Amino acid sequence: MSFRQFVVIGLGRFGSSVAKTLYSLGNEVLVIDKDEEKVQEMADFATHAVQADATDEAALRSLGIRNFDVAVIAIGDDVQSSIMVTLLAKEYGIKYVIAKAQNELHAKVLYKIGADRVVFPEREMGVRVGHNLCSSNILEYIELSPDYSIMEVTPLEEWHGKSLSELNMRSKYGINIMAIKRGNDINISPTADDVLQEGDILVVVGATDDLKNIERRKMR
């Protein structure tokens, strides 16, 4: 699953975090919220930032959200609005709708009306969801700090059949490989002689900017 156009509705901590992550990875991101102040705060972190009531069908239609690949419904405490906007997004034919839930009952309703995925987010989850939506090759993403992260990723095609010493990951890509998963085996202390194969899963750590560069290369 790989998408490039996203609409994020609701700009609390979760919605803002997802939107910023998606935008930083080079995607087209439209953000919508009723609160003008929140919209202004996001103006530099999205392609378009619009103040609107997302429960207003005419407003959503005028913004052309039916043209987006993914809708992230991140409305906060208003369960009724969350349900209504999720329903509208599905009715408009958006391919993939992910919605934030307050509790299990809310989640059940969201799934029943067609949400493709429901999350119970914290701030870190917003970053992880953004990365996972961008590329099916990014399997897990953990933000250690604003500057450093750990990521599970499949090898780039040009890495296949090459040893770690040949690839020289630290100098070329700014990352370190902590472990290699191959089938049911996990090599937690790979050496310079270990050769990467198609289907491997690499656990890598590095500066967040360097890891984002790896993601962009995988999405090409």
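The values are calculated or read from the model by the stated rules, or taken from the named source; none is laboratory data. No experiment lies behind these values; they were computed from the predicted model shown. Here the Cβ is made from the backbone with ideal geometry for all residues, glycine too, and neighbour counts use every protein chain on show.
What the table shows:
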read-out	value
Residue match in the stretch 146-161 (condition: on the phi > 0 side of the Ramachandran plot and either of a type in the set (A, V, I, L, M) or outside the structural domain of residue 22 (by the TED database) (or both))	yes
Restricting the stretch 152-168 to residues that are part of a loop (DSSP other than H, G, I, E, B) and of a type in the set (S, T, N, Q), the residue that is nearest to residue 182 (Cα to Cα)	154
Test: residue in the stretch 131-143 that is surrounded by 16 or more Cβ atoms within 10 Å (Cβ to Cβ), within 18 Å of residue 17 (Cβ to Cβ), at pLDDT below 95 and out of contact with any helix residue (DSSP H, G or I) (no Cβ under 8 Å at 6 or more places or on another chain)	yes
Contacts under 8 angstrom Cβ, first residue in the stretch 52-65 being more than 15 Å from residue 34 (Cα to Cα), partner assigned to a loop (DSSP other than H, G, I, E, B) and β-branched (Val, Ile, Thr), 6 or more apart	65/94
Helices (runs of 4 or more DSSP H) lying entirely in the stretch 28-95 (those with 2 or more residues that are small (Gly, Ala, Ser), in the same structural domain as residue 15 (by the TED database) and surrounded by 18 or more Cβ atoms within 10 Å (Cβ to Cβ))	79-91
Boolean, residue 121 is at pLDDT below 80 and closer than 27 Å to residue 80 by Cα	yes
Filter pass, residue 103 being under 20 Å from the mean Cα position of the chain (by Cα) and among the polar types (S, T, N, Q)	no
Test: residue 175 is among the β-branched types (Val, Ile, Thr), free of Cβ contacts under 8 Å to residues at least 60 places away in the same chain and touching a strand residue (DSSP E or B) at 6+ places or on another chain (Cβ under 7 Å)	yes
Qualifying positions in the stretch 179-220 - in a loop (DSSP other than H, G, I, E, B) and either modelled with pLDDT of 90 or more or touching a Ser or Thr at 6+ places or on another chain (Cβ under 6 Å) (or both)	191, 192, 193, 194, 196, 197, 198, 199, 200
